[in-house]
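As structure tokens, the structure follows; a few thoughts come after it.
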Amino acid sequence: MSNIQSVPMKILRYILSKINILNSVYYGLPADGPVYTIEVTYRCNAKCKFCSRWKLNNKQEMTLEEYENIALQLNKCKVKQVVLSGGEPFIRRDILEIAQIFKKHGIRVAVDTNGTLIQEFSIDKVKEVIDSVLISLDSPYAEVQDQHKGIPGSFEKIISAIKVLKRNDIKVIIGALISSATIRGIDEYIKLANKLGVGYRFQLMQCEHDNMLSLNDYKLKLKIEDQIFLKEALNRIITNSRSNWAERIYYRLMPIFSMNNSILKNGKCFSAARLKYFIDPKGSIVPCEGRRDIVLGNLLQEKLYNIINSNKTVQIRKRLFSGKDGCFCLYRCHIFDNIEYQYLPLFPLKSKNGWPIKNIWDKRINNWSAEISKVTEI
């Protein structure tokens, strides 16, 4: 009898633990446990055909003293993790000093990098101040990778860096941007990740709003045959991997989004300016990668607490979650929160494999797939 009674009690405790989420939605308040992506520079040694940061020639960057102040503010706002990004973060020779500042304040540090410069730094120091590394490896084939990044020899440098990081027990995840140049390597990519003993993730290219990630070479845009292949490849991943329910939904959404992203235009963005924020090299805070047209404030001029609790930010949170801005995207920094919290006040119940939210998503995806299949083969 006690076991039967314990099930609803567990569910009740789980729902009560989400009160902060509900308060955030209904009152526009900040949510607990946000992650801040901090772009320490726009400089980069790569010349990617899907990124315009390296073209900016913007050398204005915050100093160590300014990062010290920011880390202190993040700590006061109970931030537990930052992602140091760029440009290429390791192009800054003081990147490990920046990481050390955040570690000193009890904040976990991840780094998003192209992986070609890591070995120019002391691996012992890297291990000391960095908790995990996300490396942009777009293809399992050296020639394709080097062309995609515009760095001759990048593939070999990345593989070498991964092996060094793994030997030193540093968590590594590799991430691939899916384009017409890289899509045929998905199956081999997974085999390479398994061989290296690292996690992997896939990301679709998207172009919207004031976004620095956009196709500079339209030959990389997915064609119909690519989209068909993508759906088949992702179905194999769903079948053969141990992905959780939200990731399986994500993989099912990808081919739909690649064919017709307007189907999802009324989706709500829960994550941006609530669970995720971006800080650019000048200290400005924006809700996400794709909404640089919305500047919440600047940390060199205002306190973080005041920025994230301002009436302006509250209204932006409410607007993004209303679905009126067409801000539903498949960027991995947001998608899993948006899948989980898309149908609030309903929550996916813990230990129930996403139920009932997964069922709603499955039904909608089936309908979207049927709608698209009327005009395409996908």
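Quick look at the numbers
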{"quantity": "Candidates Q100, Q60, filtered to the one that is open to solvent by 40 Å² or more (accessible area, probe 1.4 Å) and not in a helix (DSSP H, G or I)", "calculated": "Q60"}
{"quantity": "Yes/no for S262 being under 19 Å from Q342 (Cα atoms) and open to solvent by 10 Å² or more (accessible area, probe 1.4 Å)", "calculated": "yes"}
{"quantity": "Per-region count, segment 63-86, residues open to solvent by 20 Å² or more (accessible area, probe 1.4 Å) and either within 19 Å of G115 (Cα to Cα) or part of a strand (DSSP E or B) (or both)", "calculated": "2"}
{"quantity": "Residue satisfying condition, being over 21 Å from D32 (Cβ atoms), open to solvent by 20 Å² or more (accessible area, probe 1.4 Å) and at pLDDT 90 or above, within set K374, K363", "calculated": "K363"}
{"quantity": "Qualifying positions in segment 148-172 - under 20 Å from D187 (Cα atoms) and open to solvent by 40 Å² or more (accessible area, probe 1.4 Å)", "calculated": "E156"}
{"quantity": "Among residues of segment 266-284, those that are under 11 Å from L320 (Cβ atoms) and hydrophobic (A, V, I, L, M, F, W, C), counted", "calculated": "4"}
{"quantity": "Residue in segment 331-338 that is polar (S, T, N, Q) and either open to solvent by 10 Å² or more (accessible area, probe 1.4 Å) or in a loop (DSSP other than H, G, I, E, B) (or both) present", "calculated": "no"}
{"quantity": "Pick from segment 45-57, criterion assigned to a helix (DSSP H, G or I) and in contact (Cβ under 8 Å) with a residue 12 or more places away in the chain, ranking: surrounded by the most Cβ atoms within 10 Å (Cβ to Cβ)", "calculated": "R53"}
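The values are calculated or read from the model by the stated rules, or taken from the named source; none is laboratory data. What you see is a predicted model, and the numbers here were worked out from it, not measured in a lab. Positions of Cβ are backbone-derived with ideal geometry, glycine not excepted, and every protein chain shown enters the neighbour counts. Only protein heavy atoms, including side chains, enter the accessible area calculation; ligands, DNA and RNA are left aside. Shrake-Rupley method; radii C 1.70, N 1.55, O 1.52, S 1.80 Å.
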